[in-house]
Amino acid sequence: MSDMAKVSTDRAQQAGQTAKQEAAATADQARQGAGEVAGTAAEQLRAVTGEARAQAGAVAGDLRTRVTEEADNQARRGARAVRQWADDLSGLADGADTDSPARSLVAQAADRGHRAADYLDSRGVGGLVGDLQDFARRRPGAFLGGAVLAGFAVGRLAKAGSKASGSGPDPSARPDPSGPEGPPGDVAPAELPDFREA
């Protein structure tokens with residue numbers, strides 16, 4: 001082999017090794033860059049997820065606060081209504097005969113109404129829910145029975161309310177003149193006089 005051919009072969013080998021080294025370096029740099037990009041993306045994703053979680057928690061907390069406030073307002077309104085009802089019953093009991101058995105029943109109902117209103121004012125919805133949960137834990141059978149009876153009573157009241165609102169004649173309905181409520185045939189004039197000039 002001549003010297004020139006040997007030199008050309010050496011140069012080709014060196015060029016191949018240099019290209020190989022440069023390709024390896026480029027691949028390493030690409031790998032490193034991809035790793036950095038993936039790390040940055042993962043950090044940003046964690047930050048966005050954390051922020052979304054924090055915002056969702058804040059919204060849930062705000063919603064819970066609003067619901068609690070609304071429930072407490074409703075409880076206060078209910079307590080006022082029950083107290084008014086109990087005051088009315090007390091007035092009825094005071095005006096009744098002293099030896100009347102209905103008077104003692106009305107007075108007891110008024111007293112219980114006042115106690116229920118005081119309970120709602122002092123404990124609110126949270127206390128009511130807590131006491132119901134406590135009762136359900138202590139006596140589950142009685143709680144379920146009470147819930148069934150309450151559901152039955154509400155169903156009956158709703159049914160009675162719908163019947164009451166749907167019953168009675170429709171004021172917009174007009175009677176049929178040919179029916180039994182129309183004027184009798186012999187009362188209606190058979191023919192109207194003709195007032196035209198001849």
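The values are calculated or read from the model by the stated rules, or taken from the named source; none is laboratory data. Owing to the predicted nature of the structure, the values given are computational and were not obtained by experimental measurement. Here the Cβ is made from the backbone with ideal geometry for all residues, glycine too, and neighbour counts use every protein chain on show. These area figures cover heavy atoms from the full protein model, side chains too; ligands, DNA and RNA do not enter into them. Shrake-Rupley method; radii C 1.70, N 1.55, O 1.52, S 1.80 Å.
Assess whether A41 counts as being open to solvent by less than 60 Å² (accessible area, probe 1.4 Å), at pLDDT 80 or above and out of contact with any strand residue (DSSP E or B) (no Cβ under 6 Å at 6 or more places or on another chain).
Against the criterion (open to solvent by less than 60 Å² (accessible area, probe 1.4 Å), at pLDDT 80 or above and out of contact with any strand residue (DSSP E or B) (no Cβ under 6 Å at 6 or more places or on another chain)), A41 does not qualify.
Of the residues G141, G145, G127, which is assigned to a helix (DSSP H, G or I), under 20 Å from R80 (Cβ atoms) and free of Cβ contacts under 8 Å to residues at least 40 places away in the same chain?
Numbers: G141 fails: under 20 Å from R80 (Cβ atoms); G145 fails: under 20 Å from R80 (Cβ atoms).
G127 is the lone residue from the list that is assigned to a helix (DSSP H, G or I), under 20 Å from R80 (Cβ atoms) and free of Cβ contacts under 8 Å to residues at least 40 places away in the same chain.
Determine whether R53 is basic (K, R) and closer than 22 Å to L128 by Cα.
no
Would you confirm, using the coordinates I've provided, whether A102 is of a type in the set (G, A, S) and exposed (fewer than 13 other Cβ atoms within 10 Å of the Cβ)?
yes
Scan the range 47-73 residue by residue and report those that are in contact (Cβ under 8 Å) with a residue 12 or more places away in the chain and either loosely packed, with under 10 Cβ neighbours inside 10 Å or among the acidic types (D, E) (or both).
D72
Could you say whether any residue in the range 9-29 is of a type in the set (K, R) and touching a Leu at 6+ places or on another chain (Cβ under 8 Å)?
No, the range 9-29 contains no residue that is of a type in the set (K, R) and touching a Leu at 6+ places or on another chain (Cβ under 8 Å).
With respect to Q44, is the statement that it is in a helix (DSSP H, G or I) and without any contact (Cβ under 8 Å) to a residue 24 or more places away in the chain true?
yes
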